[in-house]
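Read through the structure below, which is laid out as structure tokens, and then see the notes.
The values are calculated or read from the model by the stated rules, or taken from the named source; none is laboratory data. It should be emphasised that the depicted structure is a prediction, and the values quoted were computed from it without experimental measurement. Cβ atoms come from the backbone with ideal geometry, glycine included; neighbour counts cover every protein chain shown.
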Amino acid sequence: MSGIEDTVRSTLRSAAERAPRSPGALAGGLEVAYRRRRRRSQALIAAAAVVVIAGGGGVALRMTGGQEGLPAANPSGVPSAVVTTEGPPPEPVEKVWPQAVWKIPARDPERRQLRPVAFVDDRTMLVEAWRAFGKTEVIYAYDLAGGELRKIADVPDPAGTVLGTDFGVGDGQVAWWTRTRDTVRLWAVPLSGGEPRPLGDRKVEHDDIQPFGGLDVVGGKVVFSLSSGGVFSVPLAGGQVTEVPGGAGLHLLAWPWAGTPGAGGARDEPPFSRLVNLETGQTSTAVIRQGEQVLACGVRSCTVTTPDGKAYTRLRDGSGQKEIPVGYQIPEPPSQDRFFVRNLTGTTPGIGLYDLTTGTLADLGIRTEAYRGEIPVADRSGRFMTYELKSGRYVIDLSRIP
């Protein structure tokens with residue numbers, strides 16, 4: 001595993017002790033690479049953001065969240081983080097891809113923070129709201145075209161709840177989980193609105209900081225996995241939680257794909273290098289060549305580094321390899337098979353969005369010298385990215401970029 005990967009993982013583990021949960025759907029094939037690890041750490045990336053700080057002759061990683069002033073780390077074994085942007089600086093993302101960029105309110109009428117979770121349809125998003133970080137209070141449906149925020153439900157907070165939530169959408173329902181000391185409870189409510197209902201419970205280990213490994217809503221059931229292993233389901237109508245046939249010891253990546261190792265696997269083996277389709281029994285083992293370090297694998301592709309310091313993305317069978325320009329932020333396969341978040345240098349160093357297919361680079365408006373927020377990473381489906389600036393919250397629908 002590379003230095004950057006070790007740095008990210010160790011920092012997220014440390015942040016997990018401070019941040020109680022990660023906040024919460026398939027597009028572009030099922031390219032959900034690394035999404036499940038981010039479901040464990042997405043809020044932690046926001047709380048202990050992996051920020052690229054420009055300075056001197058290069059760029060270093062600095063974790064700037066719950067603890068200010070953490071020392072910079074110079075990762076090794078990965079491509080140099082120095083980026084040279086040829087020609088004029090990139091234009092703002094809303095000018096480069098105007099059809100894909102939405103701006104939504106950052107707060108609800110009660111001044112709770114808003115964060116998009118998933119697309120319900122092409123013009124509607126599921127949005128969560130909270131006052132205290134890690135405690136989702138309300139879920140809304142937001143009409144991107146009309147700008148209307150419609151309340152779906154209050155999110156229950158049973159006595160003793162220490163963790164939650166992680167949302168999935170399907171079959172006209174929103175599902176999520178909460179956790180007490182030793183029990184995970186699954187919940188659901190119609191997208192049209194109503195009173196949330198408990199579906200079923202599953203016992204978990206007391207010391208498992210983040211017990212969930214993934215959650216989807218398919219075929220009248222909520223399917224999920226635990227970080228300790230195993231894929232389970234519970235009917236949307238409620239009932240007994242049962243193990244999915246063939247899912248023992250596996251970790252859900254994107255239904256019906258599950259695999260090993262999970263996000264918390266051994267350091268010398270990339271997550272989801274081995275996959276199985278729990279509906280058909282089809283298996284997939286990622287090609288790993290001698291001397292390579294595999295940073296992450298998804299349903300379709302993996303990201304690797306080579307001994308000469310270059311990074312590539314390629315399909316799991318080893319074909320279709322493309323070089324990744326230096327300066328990329330999150331070590332994962334590209335969203336929609338195309339898009340990476342990468343850093344920008346120059347008079348206004350910041351963070352941009354890069355299209356691997358066309359070579360287009362757009363400025364996301366994030367300035368590293370003053371940045372203390374979330375690194376924009378794709379959602380679980382790989383369809384959109386979201387981040388907040390002083391001017392409001394942005395949503396980039398990657399599926400609308402031609």
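Of note:
- Condition check for Asp171 on (1) under 20 Å from Asp379 (Cβ atoms); (2) buried (at least 20 other Cβ atoms within 10 Å of the Cβ): one failure, at (2).
- Residue satisfying all of: in region 334-386; crowded, with 20+ Cβ neighbours inside 10 Å, among the small types (Gly, Ala, Ser) and at pLDDT below 95; nearest to Asp216 (Cα to Cα) among these: Ser381
- Residue match in region 185-193 (condition: within 17 Å of Pro158 (Cα to Cα) and in a loop (DSSP other than H, G, I, E, B)): no
- Residue that is farthest from the chain's Cα centre (by Cα), among those in region 138-158 that are surrounded by 14 or more Cβ atoms within 10 Å (Cβ to Cβ) and part of a loop (DSSP other than H, G, I, E, B): Pro156
- Here region 279-293 is the region considered, the condition is being in contact with a strand residue (DSSP E or B) (Cβ under 6 Å, 6 or more places away or on another chain) and in a loop (DSSP other than H, G, I, E, B), and the residue that is surrounded by the most Cβ atoms within 10 Å (Cβ to Cβ) is Ala286.
- For region 118-132, the condition holds for at least one residue, the condition being that it is of a type in the set (S, T, N, Q) and under 28 Å from Leu364 (Cα atoms).
- Some residue of region 204-214 being within 21 Å of Val120 (Cβ to Cβ) and either of a type in the set (Gly, Ala, Ser) or assigned to a loop (DSSP other than H, G, I, E, B) (or both): yes
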